[in-house]
Amino acid sequence: MRRPVNSHWNGQFSCFDLVARLDECRHTVIEIGDLEIGGDDFVVMAGPCAVESERQLLATAHAVAASGARVLRGGAYKPRSSPYAFQGLGLEGLKILAKARAETGLAIVTEVMCPEDVPQVAEYSDIMQVGARSMENYALLQALGPCGRPVLLKRGMCSTLEDLLRSAQVIATHGNADIILCERGIRTFETATRNTFDIAAVPVLKTVSHLPVIVDPSHAAGIRMLVPPLARAAVAIGADGLIVEVHPSPDQAWSDGKQSLTFQQFDDMMRDLDPYLALREPKYPGKLELVAARGGH
Ligand code: PEP
Ligand code: MN
């Protein structure tokens, strides 16, 4: 018999039946080549906010791969709040990302902003990123159903967890259940940070949904020095991975330089995560408990 895991949230979330956890043992593990997201590995995605040039992206790809990242991020289509800001290299950026994958073996995650671009982005990318500003773009969510690639769904900056799961359910009802949820900070009255990192979102989502959950400490913080401590918090709270902005020279970045790490800072952050990663709990505690209970009685 299926049983809800947490009666407190039952009803609020279980209506999203394709993405809600209705069964204690269910965990979605997304496989991309030999990479597993939502499995035992803690998967780090890293790279610049935007693809600016081949040189910038390839240098970053080699650096983050050497430090232990498994996925390369980089926007080719950028949802900028200002119409005067750099909007991304588009198709040229996608081709540069594909070249970086060929050179490093890293999987690629990049943002798709509109339904018309889905086939093109799916041709070059391993994971389709839906940005915070697009979380409620239902035409886009629907178009991601048949795209054949996993989706990284970022929480909207003014969205509740219920809103996030509703959007995930839209993608799932259109045929794609390979969805990674991402907490990237929300708008609050606080102005010291770009957004407010809702740390409780991670264990709530892990409890009410069977989907993998990752954290974006870069957009949550908006400030470089806060990225490593928020990344450590993400490991400790049970996230399945991180997406982090890294740039060869952050102060010259065309977007989000203030929150981007240098190669050295990223490497230091990765090393500092090791002791926290060693403390991670077994991935399938529900399953293990059941096995133990059966063996013991
Ligand atoms: C990004 O990943 O560069 C980005 C625009 O993030 P968000 O959609 O979370 O603001
Ligand atoms: Mn960014």
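Across segment 100-125, what is the number of residues that are among the charged types (D, E, K, R) and more than 13 Å from Arg73 (Cα to Cα)?
Of segment 100-125, the ones among the charged types (D, E, K, R) are 101, 103, 111, 116-117, 123.
After this cut, where a residue has to be more than 13 Å from Arg73 (Cα to Cα) as well, the list is 103, 116-117, 123.
Adding up the residues that qualify gives 4.
Among the residues of segment 240-267, count how many are farther than 27 Å from Leu205 by Cα and either of a type in the set (A, V, I, L, M, F, W, C) or exposed (fewer than 14 other Cβ atoms within 10 Å of the Cβ) (or both).
8
Against the condition assigned to a helix (DSSP H, G or I) and among the aliphatic types (A, V, I, L, M), how does Val244 come out, does it pass? Give the derivation first.
Working: assigned to a helix (DSSP H, G or I): no; among the aliphatic types (A, V, I, L, M): yes.
It is false that Val244 is assigned to a helix (DSSP H, G or I) and among the aliphatic types (A, V, I, L, M).
Among the candidates Ala221, Ala172, which residue alone is of a type in the set (A, V, I, L, M, F, W, C), more than 25 Å from Ala139 (Cα to Cα), more than 11 Å from ligand 1 (Cβ to nearest atom) and in contact with a Phe, Trp or Tyr (Cβ under 9 Å, 6 or more places away or on another chain)?
Working: Ala172 fails: more than 25 Å from Ala139 (Cα to Cα).
Within the list Ala221, Ala172, the selection yields Ala221.
I'm checking my understanding of the structure. Among residues of segment 71-95 that are in a helix (DSSP H, G or I) and under 21 Å from the mean Cα position of the chain (by Cα), which one is nearest to ligand 1 (Cβ to nearest atom)? Break it down stepwise before answering.
Here is the first cut: in segment 71-95, the residues in a helix (DSSP H, G or I) are 91-95.
If we keep only those that are under 21 Å from the mean Cα position of the chain (by Cα) as well, we get 93-94.
Numbers: Gly93: 13, Leu94: 15 Å.
Among residues in segment 71-95 that are in a helix (DSSP H, G or I) and under 21 Å from the mean Cα position of the chain (by Cα), the one nearest to ligand 1 (Cβ to nearest atom) is Gly93.
Working only within segment 145-169, note down all residues that are under 24 Å from Ile108 (Cβ atoms) and within 15 Å of ligand 1 (Cβ to nearest atom).
So in segment 145-169, the residues under 24 Å from Ile108 (Cβ atoms) come out as 145-156, 164, 167-168.
Once the filter is applied, which keeps residues that are under 24 Å from Ile108 (Cβ atoms) and within 15 Å of ligand 1 (Cβ to nearest atom), segment 145-169 yields Val151, Leu152, Leu153, Lys154, Arg155, Gly156, Leu164, Ser167.
Being within 16 Å of ligand 2 (Cβ to nearest atom) and without any contact (Cβ under 8 Å) to a residue 60 or more places away in the chain, is that true of even one residue in segment 159-175?
Just the residues of segment 159-175 that are within 16 Å of ligand 2 (Cβ to nearest atom), to begin with: none.
No; the residues of segment 159-175 include none that is within 16 Å of ligand 2 (Cβ to nearest atom) and without any contact (Cβ under 8 Å) to a residue 60 or more places away in the chain.
Of the residues that make up segment 138-160, is at least one modelled with pLDDT under 95 and either aliphatic (A, V, I, L, M) or in contact with a Lys or Arg (Cβ under 8 Å, 6 or more places away or on another chain) (or both)?
Just the residues of segment 138-160 that are modelled with pLDDT under 95, to begin with: none.
Checked against the condition, which is being modelled with pLDDT under 95 and either aliphatic (A, V, I, L, M) or in contact with a Lys or Arg (Cβ under 8 Å, 6 or more places away or on another chain) (or both), segment 138-160 yields no hits at all.
Can you name the residue in segment 102-116 that is in a helix (DSSP H, G or I) and in contact (Cβ under 8 Å) with a residue 40 or more places away in the chain and, of all such residues, is nearest to ligand 1 (Cβ to nearest atom)?
Checking each candidate, the answer is Thr104.
Please give the number of the condition Val71 fails out of (1) surrounded by 24 or more Cβ atoms within 10 Å (Cβ to Cβ); (2) in contact with a helix residue (DSSP H, G or I) (Cβ under 7 Å, 6 or more places away or on another chain); (3) under 28 Å from Val204 (Cβ atoms).
For Val71, the exception is condition (2).
Please verify whether segment 197-216 includes one or more residues that are among the hydroxyl-bearing types (Ser, Thr, Tyr), away from ligand 2 (no atom under 15 Å from the Cβ) and free of Cβ contacts under 8 Å to residues at least 24 places away in the same chain. Walk me through it before giving the result.
If we filter segment 197-216 for residues that are among the hydroxyl-bearing types (Ser, Thr, Tyr), which is where we start, we get 207, 209.
So of that shortlist, the ones also away from ligand 2 (no atom under 15 Å from the Cβ) come out as 207, 209.
With the extra rule that they be free of Cβ contacts under 8 Å to residues at least 24 places away in the same chain, the set shrinks to none.
Looking through segment 197-216, none of the residues is among the hydroxyl-bearing types (Ser, Thr, Tyr), away from ligand 2 (no atom under 15 Å from the Cβ) and free of Cβ contacts under 8 Å to residues at least 24 places away in the same chain.
From the list Val246, Val208, exactly one residue is modelled with pLDDT of 95 or more and touching a strand residue (DSSP E or B) at 6+ places or on another chain (Cβ under 8 Å). Which is it?
Values: Val208 fails: modelled with pLDDT of 95 or more.
Just one listed residue meets the conditions, Val246.
The values are calculated or read from the model by the stated rules, or taken from the named source; none is laboratory data. No experiment lies behind these values; they were computed from the predicted model shown. All Cβ positions, even for glycine, are placed from backbone atoms using ideal geometry, and neighbour counts span all protein chains on display.
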